[in-house]
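The structure under discussion appears below in the form of structure tokens.
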Amino acid sequence: MQVVTANEMYEIDRFTMGEIGLPGVLLMENAGQAFVQKALNYLNQSEKIAVLIGTGNNGGDGFVIARILKSLGYDADVYLIVKEEKVKGDALFHFDAFRSSGYEVIPLCDLNDLQYYDVIIDAMLGIGIKGEVKSPYREIITACNGLNNFKIAVDIPSGVPADGSKPFNLAFKADVTITLQHPKLSAFTYPAREFYGRRLEVVPIGIPPKATQAVVKLDRKCWTEKEVKQTLTNRSPSSHKGTHGKGLVIGGSLPMTGAPVMTTRAVLRAGGGLTTLAIPDAIHSIVASQIVEAMFSPWKAVNGHFSGELGTDVSRFDAVAFGPGVGRENGGEKILSTLLDNVKAPLIVDADGLFYLAKLKEKLKQRSRPTIITPHTGEFARLTGYLPTEIENNRFELSRQFALRYGVYIVLKGPYSIVTTPTGSQFVNTSGNAALAKGGTGDVLTGIILAFAMNHSNLQEAVSNAVFAHGKAADVLVEGNHSTRDVIATDVIDALPSVFRAFH
């Protein structure tokens with residue numbers, strides 16, 4: 001499922017109509033039909049529905065939606081926000097069809113009337129918004145946002161810029177957004193994403209893949225459970241522990257003994273064959289008592305932190321992870337510098353490892369083997385020099401620029417984490433919830449990525465699958481006996497068996 005910009009969506013529509021020959025009125029009919037089919041999951045026959053319609057294609061979709069709802073027996077009123085003569089093109093065709101079906105359009109004279117509806121459907125502005133929302137839309141959206149009605153947006157909430165990178169002053173705050181054909185960039189960009197609501201549904205409207213392939217040159221896709229099941233490797237009945245990789249976790253310090261333990265437990269639970277945990281020798285006895293399935297490599301410590309000297313041959317491992325619980329003493333920087341030079345396998349850098357990487361990032365260009373970094377917004381801000389708000393507004397482009405410049409895989413963490421490859425391809429994770437907003441969950445993710453990197457030759461698939469499994473574990477917990485409030489990092493590890501059973 002490709003993620004697109006506003007211009008790309010316009011060009012896809014033009015190609016479909018001009019080169020393939022499907023008329024716009026048919027695409028609009030398909031859009032309305034698909035929207036209603038999905039919206040029925042959220043509607044009750046006894047509810048009163050207001051459909052707010054503006055000009056342009058979004059308004060045309062609204063006429064189709066209203067016509068179908070009324071034909072199904074729903075109590076749906078249509079409010080046209082603009083004068084009738086401003087409705088043109090394909091939207092006018094469906095406006096006429098709506099009226100020819102015997103249905104009326106109501107002028108919105110009193111905003112207080114909206115409070116009497118159970119559901120409001122937003123078909124006002126769509127992806128064409130440029131600049132600030134103006135009157136009369138400004139007053140209508142403000143009124144809607146102050147009401148407790150259930151709100152559904154058609155394609156994109158009115159007022160939200162489709163590309164997400166532009167500031168906006170006001171937008172329709174939906175509970176659910178039903179997007180047509182392709183999700184837009186702003187569905188995964190903050191603060192725009194907040195206006196899409198608790199659910200984002202994507203419905204096909206009959207545009208052939210050829211149109212998207214002809215127009216979209218940058219690879220941006222959603223990574224769903226379908227892709228995971230297609231790419232996740234199965235264990236051979238004749239396999240043994242060596243078959244599933246040898247991994248090394250380097251982490252821990254006297255103040256942070258738990259982080260490397262969680263990472264290592266996650267590696268083992270996610271299928272790592274042989275896992276070694278390298279820790280400062282000062283915390284060896286503390287850590288060794290917490291996990292019995294791993295091997296240990298105590299390295300020289302100074303004041304409870306790594307001294308900077310490696311204590312084992314790192315070139316013999318199939319994948320290495322550095323960072324969880326390392327702290328910010330000088331020894332960590334020396335170790336990372338040595339790892340960048342000597343690890344001949346995928347190297348995952350997370351947590352405090354990213355703090356050191358900000359000083360060493362030019363070394364990334366010299367790496368002949370893959371490097372995977374897993375920053376959250378604040379860590380990525382330190383790496384790039386951008387403000388966190390700039391990153392949130394432009395997650396796709398900034399992560400792509402960094403990946404291309406330094407030749408790394410990036411997992412830009414957050415709601416809808418984005419995996420970017422060294423070639424600039426991007427994959428949006430679609431699992432997870434707010435339960436992951438808790439200390440330690442990043443350490444768990446590092447462990448899952450390490451396990452998958454040890455077992456899969458295609459790193460993009462390995463990393464994307466690991467991120468999805470991590471989020472899916474949180475979903476399993478919340479769908480079960482947990483809430484988004486009470487989940488802790490070790491719960492995520494314990495939920496992985498249920499996740500993998502579902503995948504296979």
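The values are calculated or read from the model by the stated rules, or taken from the named source; none is laboratory data. Only a predicted model underlies this, so the values are computations on that prediction, with no experimental measurement involved. Glycine gets a Cβ as well: all are built from the backbone with ideal geometry, and neighbour counts include every protein chain shown.
A few points about this structure:
- Looking only at segment 52-99, and only at residues there that are β-branched (V, I, T) and crowded, with 24+ Cβ neighbours inside 10 Å, the one that is nearest to V36 (Cα to Cα): I65
- Contacts under 6 angstrom Cβ, first residue in segment 447-465 being without any contact (Cβ under 8 Å) to a residue 40 or more places away in the chain, partner in a helix (DSSP H, G or I), 6 or more apart: A462/F452; A462/A453
- Answer from G251, G245 - the residue that is within 27 Å of N458 (Cβ to Cβ), buried (at least 23 other Cβ atoms within 10 Å of the Cβ), of a type in the set (G, A, S) and at pLDDT 95 or above: G251
- Candidates L404, L412, L445, L436, filtered to the one that is closer than 15 Å to T371 by Cα and surrounded by 24 or more Cβ atoms within 10 Å (Cβ to Cβ): L412
- Of the residues making up segment 333-351, those that are surrounded by 24 or more Cβ atoms within 10 Å (Cβ to Cβ) and without any contact (Cβ under 8 Å) to a residue 40 or more places away in the chain are L336, L347, V349.
- Checking each residue in segment 226-239 for being crowded, with 17+ Cβ neighbours inside 10 Å and part of a helix (DSSP H, G or I) picks out E227, V228.
- D175 vs. criteria surrounded by 23 or more Cβ atoms within 10 Å (Cβ to Cβ), among the acidic types (D, E) and either in contact with a Gly (Cβ under 7 Å, 6 or more places away or on another chain) or modelled with pLDDT of 95 or more (or both): no
- Filter result for V287 (touching a Phe, Trp or Tyr at 6+ places or on another chain (Cβ under 8 Å) and at pLDDT 95 or above): yes
- Options G432, G414, G424: the member that is more than 21 Å from R199 (Cβ to Cβ), part of a loop (DSSP other than H, G, I, E, B) and not basic (K, R): G424
- The one condition from (1) among the hydrophobic types (A, V, I, L, M, F, W, C); (2) modelled with pLDDT of 95 or more; (3) more than 24 Å from Y117 (Cα to Cα) that M1 does not meet is (2).
- Filtering segment 180-217 to residues that are surrounded by fewer than 21 Cβ atoms within 10 Å (Cβ to Cβ), hydroxyl-bearing (S, T, Y) and not in a helix (DSSP H, G or I) leaves only Y190.
- Flag if T384 is within 16 Å of S165 (Cβ to Cβ), surrounded by fewer than 21 Cβ atoms within 10 Å (Cβ to Cβ) and modelled with pLDDT under 95: no
- The test for being out of contact with any helix residue (DSSP H, G or I) (no Cβ under 7 Å at 6 or more places or on another chain), assigned by TED's automatic domain parsing to the domain that holds V176 and in contact (Cβ under 8 Å) with a residue 24 or more places away in the chain holds for E47.
- Filtering segment 182-200 to residues that are under 19 Å from N145 (Cβ atoms) and aromatic (F, W, Y) leaves Y190, F195, Y196.
- Of G102, G128, all but one fail to be of a type in the set (G, A, S), surrounded by fewer than 18 Cβ atoms within 10 Å (Cβ to Cβ) and without any contact (Cβ under 8 Å) to a residue 24 or more places away in the chain; the exception is G102.
- Applying the set (1) under 15 Å from the mean Cα position of the chain (by Cα); (2) at pLDDT 95 or above to D350 leaves exactly one unmet item: (1).
- Conditions (1) surrounded by 23 or more Cβ atoms within 10 Å (Cβ to Cβ); (2) more than 30 Å from R14 (Cα to Cα): number failed by M256: (1)
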